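Accompanying notes for the structure given below.
None of the figures in this text is laboratory data; all of them are computed from the coordinates on show. If you're wondering where the values come from, they're calculated on a predicted model, not measured in any experiment. Here Cβ is always computed from backbone atoms with ideal geometry, including for glycine, and neighbour counts include all displayed protein chains.
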Amino acid sequence: MSDIFSGLDKLGLNTNKYKLFEEEKNKQSSKVETITKKSVKDVLYDRKVMCPVCGEHIITKTVRSGKVKLISIDTDLRPKYDILTPYIYDVILCNKCGYAALNRFFRKITDTQASWIKKQISASYKGRKYPDEYTYSHAIERYKLALLNAVIKRVKASEKAYICLKIAWLYRTHTEYLLKENNSNQDIIKSNKESEIAFIEKAYKGFIVAYEAETFPVCGMEEITVMYLIGDLARRLGRNDEAMQWVSRVIVSKAANERLKERARHVKDLIKGKT
Ligand SMILES: [Zn+2]
């Protein structure tokens, strides 16, 4: 279980004791490839936010809306963009105290949660500098730190599942980048694929817990969307029978719009090997 936080030891954090979904029932310093091109500088800007844990003013990189173009959406809802992947910059990190969270959850923290972060992260956290443009390794490290913070904050399963899903997307995007660049480093590609599946599995488990226990919408998604997503994640894990049940429910649901039903039909075809 500690593998999912691999790489955070460099930041002074001992992650062996943390379990991702403990409250419910139930290696990544690869060679650094720059994700970005020169034009990326025009897309990013600096935004100032205050850390809700320690009060530090943080300068965080933000992607200008409307500057990147959506090319396509994968079956697990991963959006693909042209010049850069905006969610690479979605984790806000306070380098002073080690508090990190996705942008949408950054301010959502109680005094009690902040005290847990101070004790379990800040006390041993060693900050590091990140360049203006993050590599995939940087992005994944920041997401893992956000995931560890989420575990310590004891947030809902959906929030942790959502972070895991986005980490899986980052591994996949990195792999695609390497293949596009004709990078022959098979070790990194293999390791990325394994990590992607490992995080897909965490996301799948977490969204099932969320589906059973939480009030929707969660992470900006309605219940029917999460049902669809669980179906595709199950398919990616080779659990075809389960996947078929989830997407079949979406296809006949009155809550699903035609677009989502179309996606569900596509996933059903993938399971049957039709496409
Ligand atoms: Zn802070």
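Could you put His138, His57 in order, starting from the residue whose Cβ has the fewest other Cβ atoms within 10 Å?
So the ranking, lowest neighbour count to highest, is His57, His138.
Using 0.36 nm per residue of separation minus the Cα-Cα distance, give me the extension gain between Glu194 and Tyr177 in nm, one decimal. Don't skip to the answer; put the middle values down first.
Numbers: separation 17, 0.36 × 17 = 6.12 nm, distance 1.64 nm.
Taking 0.36 nm per residue and subtracting the Cα distance, the gain is 4.5 nm.
For a quick check of your reading of the filter: which trypsin sites (Lys or Arg not before Pro) in the range 214-275 sit in a DSSP loop and have no more than 12 other Cβ atoms within 10 Å?
Sites meeting the loop and neighbour criteria: Lys254, Lys274.
Kindly list the residues of the range 70-110 that lie in the label zone of Asp132, defined by a backbone N under 15 Å from the point 7 Å along the Cα-to-C-beta vector.
none
Output the pairs from Lys126/Lys190; Lys202/Lys272; Lys17/Lys205; Lys17/Lys156; Lys61/Lys166 with a Cα-Cα distance over 27 Å in this structure; if there are none, say none. Before the final figure, lay out the partial values.
Values: Lys126/Lys190 30 Å; Lys202/Lys272 24 Å; Lys17/Lys205 20 Å; Lys17/Lys156 19 Å; Lys61/Lys166 18 Å.
Cα-Cα > 27 Å for Lys126/Lys190; rest within.
How do Glu222, Glu176, Glu159 rank when sorted from fewest to most other Cβ atoms within 10 Å of their own Cβ?
Working: Glu222 15, Glu176 12, Glu159 23.
Arranged by neighbour count, lowest to highest, Glu222, Glu176, Glu159 become Glu176, Glu222, Glu159.
Which three numbers, in whole Å and largest first, are the semi-axes of the equivalent ellipsoid of the chain derived from its Cα gyration tensor as √(5λ)?
30, 23, 18
Between rounded, prolate and oblate, where does the range 151-275 land on the alpha carbon gyration tensor, with a ≥ b ≥ c its root eigenvalues, rounded for a/c under 1.5, else prolate if a/b exceeds b/c?
The shape class here is oblate.
I want to make sure I understand the PRE zone here: with the label point 7 angstrom from the Cα of Glu56 toward its beta carbon, which residues in the range 94-135 have backbone N atoms less than 12 Å away?
Hits in the range 94-135 for Glu56 at 12 Å: 94-100, 122-130.
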